[in-house]
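A short reminder: the numbers here are calculations on the coordinates, not readings from a lab. Because the structure is a prediction, the values reported are computed rather than measured. Cβ placement follows ideal geometry from the backbone for every residue including glycine, while neighbour counts extend to all protein chains displayed.
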Amino acid sequence: AQKVTQAQTEISVVEKEDVTLDCVYETRDTTYYLFWYKQPPSGELVFLIRRNSFDEQNEISGRYSWNFQKSTSSFNFTITASQVVDSAVYFCALSGTLNAGNNRKLIWGLGTSLAVNP
Amino acid sequence: ETGVTQSPTHLIKTRGQQVTLRCSSQSGHNTVSWYQQALGQGPQFIFQYYREEENGRGNFPPRFSGLQFPNYSSELNVNALELDDSALYLCASSLGGESSTSHLLAKNIQYFGAGTRLSVL
């Protein structure tokens with residue numbers, strides 16, 4: 001079975017603190033993709049990053065960084081020096097079984113609600 | 001801005017009615033996926049359309065149906081609405097294709113619209 005677990009339901013930090021959002025996944029596929037999306041109060045899911053299962057190199061984009069570890073089936077997301085604008089719900093997602101056109105559905109965690117307070 | 005537009009933004013219906021939600025995909029994308037997101041939950045996959053054909057379906061009853069048009073826009077239809085159908089319905093567009101590995105870099109990234117919030121009373 002394919003599954004994504006985000007154990008942290010809510011996190012509250014003070015501005016400028018670093019915060020790490022955890023994501024653990026389960027899959028039997030040998031090739032898969034992992035994603036992080038941000039959902040602000042407006043509701044639109046904003047794509048942040050995609051990682052391939054065969055590339056475990058960590059990635060940094062500005063204040064955002066991602067740590068992918070296949071050995072522990074984890075794909076954690078760190079925001080450095082958090083800002084109020086980072087307040088949102090963050091979702092981790094896993095690609096499902098391959099369908100026609102190399103398309104896959106996304107399997108989602110329950111999300112982590114991050115509140116960054118001034 | 002993802003270029004994915006959904007209409008309407010909000011909708012109120014009563015039990016038993018039927019509803020049609022619409023989605024225009026990003027230019028160049030040929031795949032549309034629909035998700036249902038209940039309050040406080042992660043999105044749940046309803047179905048996906050690729051080149052006008054259904055290309056995978058989640059655990060939703062047949063009263064949830066869809067269409068994809070030649071311009072790759074899509075509709076989600078729900079018949080016999082139930083109270084539990086109240087949710088945010090999200091549409092995502094992406095690029096699918098039967099091509100070499102290098103092209104996969106651009107694929108499998110789903111870009112979402114702002115969603116349609118459906119309330120069933």
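Couple of notes before you dig in:
- Set of aspartates and glutamates near A:LYS3 by C-alpha distance (under 13 Å), chain-local residues within fewer than 8 positions excluded: A:GLU26, A:ASP29
- For the protein assembly as shown, the Cβ-based charge dipole about the Cα centre amounts to some 360 debye (Lys, Arg positive; Asp, Glu negative; other atoms uncharged).
- Placing pseudo-labels 7 Å out from each Cα toward the beta carbon at B:ARG51 and B:ARG22 gives an inter-label distance of 2.7 nm.
- Chain B: relative contact order in percent, alpha carbon pairs under 8 Å with at least 6 residues between: 36 percent
- The label point for A:THR30 and the one for A:ALA100, both projected 7 Å from the Cα toward the Cβ, are 2.6 nm apart.
- Here each label is just a point 7 Å from Cα along the line to Cβ, and for B:SER65 and A:GLN57 those points are 4.8 nm apart.
- By average C-beta atoms within 10 angstrom, highest first, the peptides A:13-19, A:85-91: A:85-91, A:13-19
- For the residues of A:77-84, the average number of beta carbons from a partner chain within 10 Å of their own beta carbon is 0.
- Overall shape: prolate for region A:22-118, with the ratio a/c of the largest to smallest alpha carbon gyration tensor axis at 1.5 or above and a/b above b/c.
- Overall shape: oblate for the protein assembly as shown, with the ratio a/c of the largest to smallest alpha carbon gyration tensor axis at 1.5 or above and b/c at least equal to a/b.
- For region A:59-116: rounded, prolate or oblate by the Cα gyration tensor [a/c cutoff 1.5]: prolate
- Here the dipole of chain B is about 180 debye; that uses its Cα centre as origin and unit charges on the Cβ of Lys and Arg (positive) and Asp and Glu (negative).
- Peptide B:35-42 shows a mean partner chain C-beta count of 4 within 10 Å per residue C-beta.
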